[in-house]
Amino acid sequence: MKNVGRREPNVIPGFGITLGFTTFFLCAIVLIPLAALVLKAAGMDWERFVAVIASPRALASYKLSFGASLIAALVNMVFGFAIAWTLVRYDFPGRKIIDAIIDMPFALPTAVSGIALTTVFAGNGWIGQYLEPLGIQVAYTWIGITVALTLIGMPFVVRTVQPALQEVQRDLEDAAETLGAGRFYVFRRIIVPTVLPALLTGFALAFARGVGEYGSVIFIAGNMPMKTEITPLLIVIRLEEFDYAGAAALGVVMLAISFVMLLAINLLQVWGRKRTFVR
Amino acid sequence: MSIALDQVTKRYQDQPVVNDVSIEVGEGEFFVLLGPSGSGKSTLLRAIAGLTGIDHGRISLHGKDVTHVRARDRGVGLVFQNYALFRHMTVADNIEFALRVRRMKAAERRARRQELLKLVALQGMDERLPGQLSGGQQQRVAVARALAHKPQVLLLDEPFGALDLKIREELRRTIRAVQRELGITTVLVTHDQEEAFALADTIGVMNHGRLLEVGHPNDLYAQPATRFVATFLGAANLLLARQTADGIRFGTTPVNAEGSEPVQAGRQHEVVAVLRPEEVEVAEKREQLTSDFIARGSVEEIVFTGALERLRVRLLDEPSAAQLLGSGAAGDARVEITRTQPERRELPLSTGTQIALGARRLHVLPTPISSFLACAPTEAQAAELAKEPLLESLSTRMKTRVGLRAIDGLVGRPDPFAGVAAIAAGPDAGPTVEWLIRHGAAEVLVLPRNAPSPTRVFIHWTDEAVRRATLAVSASLLRHVNAEAVYLGIVADDAASAGRAAPMRQLLDARSEAHTDHGLEMRTELAIGETVTALTRNLSAGVTQMLVLGITEITEAGSAYSSLLAAQPGWPVLIVYRPAEARITPEIAA
């Protein structure tokens, strides 16, 4: 009873100091620049703001940016899950190497991946030369953009699903099997629901990353206005035209959408935790 | 039979984790598989459930061979130590899982669910998620879920392992009640002997992948057949005693003991006696004891545990009286004693007090291998021999000691041999074995240098008169090594045409005797030809093999079999000698 009123000891002491640091850095590197962005955009009058963000070119770029990101994230959800499954469930020679390669898109300068992809998928590239006769043009179309975004987003899905899959104990599958469930039933009713929150988080992260991606896309996209021009590129074009307010307006739209998406990710995680870890 | 396992073997990377296990569990029986971790009990349970395939043997449930039936079609219910509940589903969905798989109608499902929740006393918890329940409640849900599809057999894998004591006892009672009410055949795996006693109709004790003993809890506790069961089921002091024609003796003190078999007049041999801590009587003086005196001791430690008082007493006159196994060096032997409160009040003790110890009840293990005696020309060489890896691992696993004896020049009359004599292999081994047997040794272990622990033990006897003894020694040995047992029947060339019926019958008799009397599962093989050639051929066929050889003629070791004992690099050979007069036993005459 001696300890009543004393605070629980913690590994890192000083709640006050840590909160102070958190607030300071959040302000310095996140909030203040973002506020500046919004302020810059606010310098415009409303009609011009709407004109900029709702111009046909801007709308086409949103559609491309969000559409390609969505498709890429969906592709990643399926294949990222398969990769994570393979890495978690099987032991084979070279597993460690493949595990390390998953992180490559994180480390590689995005421009390098863009150029590499363009080389491979161009009409005369290694893969492109076989796709061309089939009438499938990858480089310089929305398909190429999707391929680039898939590459960039893949590690997000793999890395979020992997730990969740590791937590699906073999016992759960064994239990389901003794209760009479077949393999597909176990997969559908036990494995997928258990990793679903993680899978959705990975999906949202890959999607968000895709929307913001610039470096790898501009090389493979061809960057034709209205056709293969993504929103981040449009912002850069506005900047090069010294139209800072216009760039800021587009930035604010991106910011708003990103914020909504990140909020959704967090809510998903909270929901997932509630489902699995309530004590 | 509700569950029948027939010679089930499961190997991981060539190591048998379940070794030739045969079990029969009757309808409605509560069977507890008890063993330390790594004894193969969980693997065996998974094999019954169909989650683990087996390499050899057969599994039947209610008379139907299910060895190759998938887990989901076996109709068993399995409960795991960590509950294995589906955490994204409510209690209701968890329990109804098996019913949904079977496409049962919603109304029927609900009715069954209510029934099950009532059974495990969790009414009204339907819509909770597993994460919102306590550990005990979660395990109840797991039990209800495992019973939903009305399985024929309920399997529980350490179901109380993750729970604290109070909840454990409560859940234990629930499970016992549920099992009684449904009359469902149940197999529970645990390492906790108290749990086994509390629940089991029948206990099967496993160690090193082998099923050592099966029996009613009371019988196993009072009359264990192996030292492992004696020490694993409750606490036990193991004592070395001498068995003579007129009874059991510690040194010069005769004592009464249960389970001892009469020996031939003139011969005596060493036995292992089990003395339970609660069967030790304590008195100030030897004359005040109401039971047989075993030794004097000095109280070293007193621990109060509530209902009981636990004493550790150092024996004073060791080794002249009782010789204790398993602990420390000679002269440093300690006996564990427990006393009830009334006993304690009668004679309060403090550390350092000298007391006399008596044995109220002593049980002699039927094991023929009591201790080892390393024999070599000099004491130093004997000490060297005692360090042989196989001898060391055997004595450690058997919780017994290795004595040293110099037998220089094979002359003179040595002290009587007790236990299994061990000698080094080599050209002199044959004559040495002969000399040892002439001077009273009944079993001799011939060890080549650095022989590894065997993975296959061949068993052979030259005369049916030693069958019983050879099987007993083999069983005792095989309980302590991870090896498969193979009985090698040998038919002489000329007899091959004369009729093979007799040897084949001997083969089958041997197998069934090994199984019923010693709980030893062994394969049988038949070889044709000259005995030593056939033995050598079979022993040479693998790397880590061993031979147990039963003989009735003392000269056999010295002459006919000496080449087996001299071979390089050679194999460990355990020679079991019983004189042929023992032939007049009823089961052989029949």
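The values are calculated or read from the model by the stated rules, or taken from the named source; none is laboratory data. None of the values given here were measured: they were computed from a predicted structure. Counting neighbours? That spans all protein chains shown, and the Cβs are built from the backbone with ideal geometry, glycine included. All accessible areas refer to the heavy atoms of the entire protein, side chains included, with ligands and DNA or RNA removed. Shrake-Rupley method; radii C 1.70, N 1.55, O 1.52, S 1.80 Å.
Points worth noting:
- Out of B:Arg456, B:Arg449, B:Arg479, sole residue that is basic (Lys, Arg) and surrounded by 21 or more Cβ atoms within 10 Å (Cβ to Cβ): B:Arg479
- Taking the numbered list (1) more than 30 Å from A:Ala58 (Cβ to Cβ); (2) assigned to a helix (DSSP H, G or I); (3) within 14 Å of chain B (Cβ to nearest Cβ) in turn, A:Gln166 passes all entries but (3).
- Taken as a whole, the condition of being surrounded by 20 or more Cβ atoms within 10 Å (Cβ to Cβ) and closer than 22 Å to B:Leu163 by Cα applies to B:Lys41.
- Restricting segment B:114-146 to residues that are closer than 22 Å to B:Asp164 by Cβ and more than 13 Å from chain A (Cβ to nearest Cβ), the residue that is surrounded by the fewest Cβ atoms within 10 Å (Cβ to Cβ): B:Ala121
- Taking the listed residues B:Thr186, B:Thr174, B:Thr226, B:Thr190, the one that is surrounded by fewer than 19 Cβ atoms within 10 Å (Cβ to Cβ), away from chain A (no Cβ under 14 Å) and of a type in the set (Ser, Thr, Tyr) is B:Thr174, with no other qualifying.
- Counting only strands (runs of 3 or more DSSP E) that fall entirely inside segment B:1-113 and contain at least 2 residues that are within 14 Å of another protein chain (Cβ to nearest Cβ), the qualifying elements are B:76-79.
- Failed condition for B:Glu484, given (1) within 23 Å of the chain's Cα centre (by Cα); (2) under 20 Å from B:Ala566 (Cα atoms); (3) open to solvent by 10 Å² or more (accessible area, probe 1.4 Å): (2)
- Any hit, segment A:195-214, residues being within 14 Å of another protein chain (Cβ to nearest Cβ), open to solvent by 10 Å² or more (accessible area, probe 1.4 Å) and not hydrophobic (A, V, I, L, M, F, W, C): yes
- Any hit, segment A:170-183, residues being within 20 Å of A:Phe79 (Cβ to Cβ) and either of a type outside the set (Ser, Thr, Tyr) or more than 14 Å from chain B (Cβ to nearest Cβ) (or both): no
- Filtered residues of segment B:229-250 (kept if in a helix (DSSP H, G or I) and surrounded by fewer than 21 Cβ atoms within 10 Å (Cβ to Cβ)): B:Thr231
- Meets criteria (assigned to a loop (DSSP other than H, G, I, E, B), closer than 22 Å to B:Leu44 by Cα and in contact with a helix residue (DSSP H, G or I) (Cβ under 6 Å, 6 or more places away or on another chain)) for B:Phe160: yes
- Residue within segment A:93-101 that is aliphatic (A, V, I, L, M), in contact with a helix residue (DSSP H, G or I) (Cβ under 9 Å, 6 or more places away or on another chain) and more than 21 Å from A:Arg159 (Cβ to Cβ) present: no
- Put simply, of B:Arg456, B:Arg511, B:Arg449, B:Arg467 the only residue that is of a type in the set (Lys, Arg) and under 19 Å from B:Pro368 (Cβ atoms) is B:Arg467.
- Qualifying residue in segment B:548-559 (condition: among the small types (Gly, Ala, Ser) and modelled with pLDDT of 85 or more): yes
- From the options A:Val192, A:Val112, residue that is surrounded by fewer than 16 Cβ atoms within 10 Å (Cβ to Cβ), within 14 Å of chain B (Cβ to nearest Cβ) and within 28 Å of the chain's Cα centre (by Cα): A:Val192
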